[in-house]
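First, the structure itself, so that you have it in front of you.
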C-alpha cells in the first residue's frame, strides 16, 4: 500500500477519464468517483484494523465533482396544461 502515491491516484483518475467501458462508452464522473471512494475506504479500513500505518494518498487528491443537472423541456401537452387558467 505504501507503493501507491497521490500522484498515482491522480494518474488513475486521468486514465479513467480517457478510458471507455466494455460497452465502449466513456466512464462517467460518478463511476470515477466511486472507484476513488472505494480505494479511500480500503485505506481507511486497513488503518483501522492495524494493517497499514502510512498516509492515505487519497487525502491529497480531489474527488471528481458530479454535475447532475438535467435540462428538460415540457411537451406541448404539458405546456398547454400549464398555460390554462
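No value in this document is a laboratory result; all are computed from the given coordinates. This one's a predicted model, so the numbers in the text were calculated from it and none came from an experiment. Ideal geometry is used to build each Cβ from the backbone, glycine not excepted, and the neighbour counts take in all protein chains shown.
How many nm is it between the label spots at residue 69 and residue 10, if each spot is 7 Å from the Cα in line with the beta carbon?
2.7
Express in whole angstrom the spacing between the alpha-carbon centres of the range 1-54 and the range 56-76.
Cα centres, the range 1-54 to the range 56-76: 17 Å.
Helix-derived [θ] at 222 nm for the chain: sum -39500 (n - 2.57) over DSSP H runs of at least 4, divide by residue count, nearest 500?
Numbers: 3 runs with 41 residues, N = 85.
Rounded to the nearest 500, the figure is -15500 deg cm²/dmol.
Over 20 Å, how big is the tail of the calculated P(r) for the chain, in percent of all Cα pairs? Could you put the intermediate results ahead of the total?
Values: 1884 of 3570 pairs.
For the chain, the share of Cα pairs beyond 20 Å comes to 53 percent.
Just need log10 I(q)/I(0) for the range 1-46 at q = 0.24, 0.29, 0.31, 0.33 Å⁻¹, Debye formula, equal scatterers on the alpha-carbon atoms, no solvent, rounded to two decimals.
-0.89, -1.09, -1.15, -1.20
Name the residue, out of 69, 16, 58, whose mean-square fluctuation peaks in a Gaussian network model built on the chain with Cα pairs under 10 Å.
69
If I stretch the segment between residue 23 and residue 60 completely, what's the gain in nm (0.36 nm per residue apart, minus their alpha carbon distance), one decimal?
Values: separation 37, 0.36 × 37 = 13.32 nm, distance 3.18 nm.
The residue 23-residue 60 span can extend by a further 10.1 nm.
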